[in-house]
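Engineer: Here it is: the structure, laid out below.
Nothing in this text is a laboratory measurement; each read-out follows from the coordinates by a stated rule. Everything numeric here is computed off the predicted structure, so don't read it as measured data. Glycine gets a Cβ as well: all are built from the backbone with ideal geometry, and neighbour counts include every protein chain shown.
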Amino acid sequence: MTVSLLDISPYIDNDSLTYKMMLKKLYSSFIIFALTVGVGAQELTIPQLSQYIADNPFLMSPTYAGIGDHIKVRLNGLTQWVGIEDAPDTQTVAADARIGNRSGVGMLMYNDSNGETKQRGARISFAHHLTLNRYDDVFLSFGISYNFNQFRIDVENFTDNNGQLPTDDKSTTNHNFDLGFLYRYNKFYITLNASNILNKDLTQFNPVFEPNTLRNYYAYAGYSISKSKNSKLEIEPSVFFQWFESDGRSVTDLNAKFRFHNFEDYYYVGLTYRFLNDQVGKPLYIAPIAGLKKSNFYFGYSYQVITNEILGYSSGTHVLTIGMDLFQGISNCRCMY
């Protein structure tokens, strides 16, 4: 179970009580809930924060598999709410590559911990890319992913006044699928995706408390702006929107990225502003971002400044990405560029 700021903010006003008290109550309530119904209420996905902006859109959508002239490998570390004990911590490794002239494959593996809850899993993706107009660079891509997730609750640190605690860890294994498509027109792009499209099997759970709808839908769109073809400065505004079917909560990212080119190398800086869509004026965080690509090496970093009361207990969230582009292979189709 990944409980993040996105999960809890829709239900509590930022001025009602401190997040430290809320986290303590939430953690205690979760232990009781988990021991009552078994293994429950997980999103079955990795935290989707600003990692995708670090030149790593495949982390977000299978439709990007194979786009590019290298095998792209990206390692990502996400540490949320530094300074708060047992805060969420996530590591991912993703790689995607072209196969043939119009298709791509990719794989992502992740490890996520949040207090006594742990989840790890993998995602295998396939994408196919079509050319709608080769003169104007109009492309349409379709992607599908198979998701495998193993969720576990460590019980060895649980304490209870009654002494009635389980003696073994609680775990479950889940399978699901993602679907998406990507439309590109010159320097404009938009991708629409549905994640965890299958309902959860509630056979071994209490259906009164356990939600079986894990679907969430998200869109990502942006446009690259440059004064001329040979301009060294490229500006890329983008927006990310995610909606959860189970409870109707949704979140939006507004991004701005400034990329400076030096032949095939580049450097970038930017900013992300994330908010719940019923609290536009109260951002969840504001995140400056920076990174570079030098030869075949990539580095990216984001520091997410929390803007609500948890700021008094946490120094923020850190997102680090490193990567390599390996084995260049030029495609005969521009849809893979």
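Engineer: Calculate, for HIS318 and ASN296, the FRET efficiency according to 1/(1 + (r/R0)^6) with r their C-beta to C-beta distance and R0 30 Å; round to the nearest 0.05.
Structural biologist: Numbers: r = 25 Å, r/R0 = 0.82.
Efficiency computed from Cβ-Cβ geometry: 0.75.
Engineer: Which of LYS232/LYS293; LYS187/LYS282; LYS229/LYS294; LYS72/LYS293; LYS232/LYS257; LYS118/LYS293 have a Cα-Cα distance over 23 Å?
Structural biologist: Distance filter (> 23 Å) returns LYS187/LYS282; LYS118/LYS293.
Engineer: What FRET efficiency comes out for VAL93 versus LYS282 if R0 is 25 angstrom and r is the Cβ-Cβ distance? Round to the nearest 0.05.
Structural biologist: 0.15
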